[in-house]
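Here the structure comes first, spelled out in structure tokens, and everything after it is commentary.
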Amino acid sequence: MTDEPVTSRRAFLAGTAAAGAGLVATAATAQTAPDPLITEVQPWASAFGDPVDATPYGMPIRFESHVVRRNVEWLTESPVSSINFTPIHALEGTITPQGCAFERHHSGAIELSKQDYRLMINGLVERELVFTWDDLMRFPRHIAIAFCECAANGGMEWGGAQLEGCQFTQGMIHNMEYTGVMLRDLLAEAGVKPEGKWVYVEGADASSNGRSIPMEKALDDVMVAFFANGEALRKEHGYPVRLVVPGWEGNMWVKWLRRIGVYDQAVESREETSKYTDLMPDGRARKWTWVMDAKSVITSPSPQAPIRHGKGPLVITGLAWSGHGKIARVDVSVDGGNTWVPARISGEVRPKALTRFHYDMNWDGQEMFIMSRAIDETGYVQPTKQALREIRGLNNVYHNNGIQVWWVRADGEVENVEIA
Ligand code: MTE
Ligand code: CO
């Protein structure tokens, strides 16, 4: 294995425990034999490390090479119209590094240079305009942290617990800090006519992924972004320019943005009529379900992140978010939903952005059914999957924000289950 550490895992753990003064007593393992990691001079202290410039653009250390996006091959026919998943089980904090943020393309990730980039605004405007990259650089810049969740996140779980790993059940989400210009500033430059009630946004890729956005949202917090987490957007996230539509389903976040059409009504694109509607049990469909309702998931322990350290202090960690605003509270249950305790919110709570929660407990080594539920500032409480099915039936793919249950076995392994 390429990511095998220099010393054995066992020696490493013993070393951590010995050095772990200040840890709760039960977390530390008693030190019996002398630990060479403490008593011996190690290779990394006896020779030079890498010089600067060994990797001009840095990559994660090889021991973290398992923390990568993964796809599920049988889900889609072709990898150019497909999806992969953010390794949320292995990440902490709230910001998703671009390199492991899920990708969703309908016709592959295209390579479009800044020189070849053009953005057109046409339709019901006083002046039809075409912006170059340099033109966009001259508009006032703004920063926004926002989650982007594909409407299909959790979609495979409508029928029941299916995929082992929160990367696969909930990983069609990422959260980045964007820098860009406000769409309202570009629209003001073009001058929206009074009849202009909708914008139709489309990308430069073959699929174009056209979507209609009501003018009210377009003039509110929609951003035309070119930086993510401090650097240029990656190709797969829409380089050089993508739309950021805070709180709304990922499909509206058009990548490689090439045109903004202003119209008096919604343009029915292929995307909207055939997809991104929620089919109900009676054959009717929910449409224009743009806002992502509050949701949360425990990221660890989870099937890909089992408990290896045995009973005693256990850190439960997870993510919560709401497209309607801020997360107000996250509750955790370790007994299958019989009792709920508020988790600790770590770091800042921002509207329409991922929020990290922690729940510190003492595990007795018995099996547990662990789950979290998000409550947002509107008072909305994340429902169970069963409650959602009762309203929307089983013919659905999109907008599954039901509670995720993990079964933690006594040996620390974790499975995706549902509680009847
Ligand atoms: N924009 C274009 N031009 N083409 C696409 O295929 N996919 C959409 C949206 N924007 C898509 C697009 C979908 S369904 C989602 S969920 C998000 O992009 C995913 O963004 P990401 O690939 O940066 O994660
Ligand atoms: Co999507």
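The values are calculated or read from the model by the stated rules, or taken from the named source; none is laboratory data. Owing to the predicted nature of the structure, the values given are computational and were not obtained by experimental measurement. Heads up, the Cβs are rebuilt from the backbone with ideal geometry, glycines too, and the neighbour counts pull from every protein chain shown.
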Checklist (1) outside any loop (DSSP other than H, G, I, E, B); (2) within 21 Å of Gly123 (Cβ to Cβ); (3) touching a residue at least 40 places away in the same chain (Cβ under 8 Å); (4) not basic (Lys, Arg) applied to Glu216, failing item | (3)
Have a look at Arg242, Arg258, Arg211, Arg184 and point out the one that is free of Cβ contacts under 8 Å to residues at least 40 places away in the same chain and either in contact with a strand residue (DSSP E or B) (Cβ under 7 Å, 6 or more places away or on another chain) or among the aliphatic types (A, V, I, L, M) (or both).
-> Arg242
Do you know which of the residues in the range 265-281 that are surrounded by fewer than 16 Cβ atoms within 10 Å (Cβ to Cβ) and modelled with pLDDT under 70 is nearest to ligand 1 (Cβ to nearest atom)?
-> Lys275
With respect to Ala152, is the statement that it is in a loop (DSSP other than H, G, I, E, B) and within 19 Å of the chain's Cα centre (by Cα) true?
-> yes
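Go through Thr86, Thr55, Thr132 for me and flag whichever is in contact with a His (Cβ under 7 Å, 6 or more places away or on another chain) and among the β-branched types (Val, Ile, Thr). Reasoning before the result, please.
On the way: Thr55 fails: in contact with a His (Cβ under 7 Å, 6 or more places away or on another chain); Thr132 fails: in contact with a His (Cβ under 7 Å, 6 or more places away or on another chain).
Being in contact with a His (Cβ under 7 Å, 6 or more places away or on another chain) and among the β-branched types (Val, Ile, Thr) holds for just one of Thr86, Thr55, Thr132, which is Thr86.
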Scan the range 145-157 and report the pairs whose first residue is over 13 Å from Asp278 (Cβ atoms) and whose second residue is within 9 Å of ligand 2 (Cβ to nearest atom) and modelled with pLDDT of 95 or more, with Cβ atoms within less than 6 Å and a gap of 6+ or a chain change.
-> Cys148/Gly250; Cys148/Trp253; Glu149/Gly250; Cys150/Arg104; Cys150/Met172; Cys150/Gly250; Asn153/Met172
Among what's in the range 206-218 and is under 25 Å from the mean Cα position of the chain (by Cα) and of a type outside the set (Gly, Ala, Ser), pick the residue that is nearest to ligand 2 (Cβ to nearest atom).
-> Asn209
Failed item, numbered, when Lys385 is tested on (1) surrounded by 19 or more Cβ atoms within 10 Å (Cβ to Cβ); (2) over 19 Å from Met156 (Cα atoms) | (2)
Could you look through the range 158-205, keep only residues that are among the β-branched types (Val, Ile, Thr) and within 22 Å of Asp220 (Cβ to Cβ), and pick out the one that is farthest from ligand 2 (Cβ to nearest atom)?
-> Val192
Just to be sure, is Lys352 surrounded by 13 or more Cβ atoms within 10 Å (Cβ to Cβ), basic (Lys, Arg) and within 18 Å of the chain's Cα centre (by Cα)?
-> yes
When the range 158-177 is examined, which residues are found to be away from ligand 1 (no atom under 16 Å from the Cβ), over 26 Å from Lys326 (Cβ atoms) and either surrounded by 16 or more Cβ atoms within 10 Å (Cβ to Cβ) or free of Cβ contacts under 8 Å to residues at least 60 places away in the same chain (or both)?
-> Trp158, Ala161, Leu163, Gly165
Can you find a residue in the range 89-104 that is of a type outside the set (Val, Ile, Thr), over 30 Å from Ile307 (Cα atoms) and buried (at least 18 other Cβ atoms within 10 Å of the Cβ)?
-> yes
Just a yes or no: is a residue in the range 85-108 in contact (Cβ under 8 Å) with a residue 24 or more places away in the chain, within 11 Å of ligand 1 (Cβ to nearest atom), of a type in the set (S, T, N, Q) and within 21 Å of Gly402 (Cβ to Cβ)?
-> yes
Being within 14 Å of ligand 1 (Cβ to nearest atom), of a type in the set (Gly, Ala, Ser) and either over 18 Å from Ala353 (Cα atoms) or in contact with a Phe, Trp or Tyr (Cβ under 7 Å, 6 or more places away or on another chain) (or both), is that true of even one residue in the range 239-259?
-> no
Here the residues within the range 132-157 that are in contact with a helix residue (DSSP H, G or I) (Cβ under 7 Å, 6 or more places away or on another chain) and away from ligand 2 (no atom under 13 Å from the Cβ) are Phe139, Pro140, Glu157
In the range 133-157, what residues are buried (at least 20 other Cβ atoms within 10 Å of the Cβ) and not aliphatic (A, V, I, L, M)?
-> Phe147, Cys148, Glu149, Cys150, Asn153, Gly154
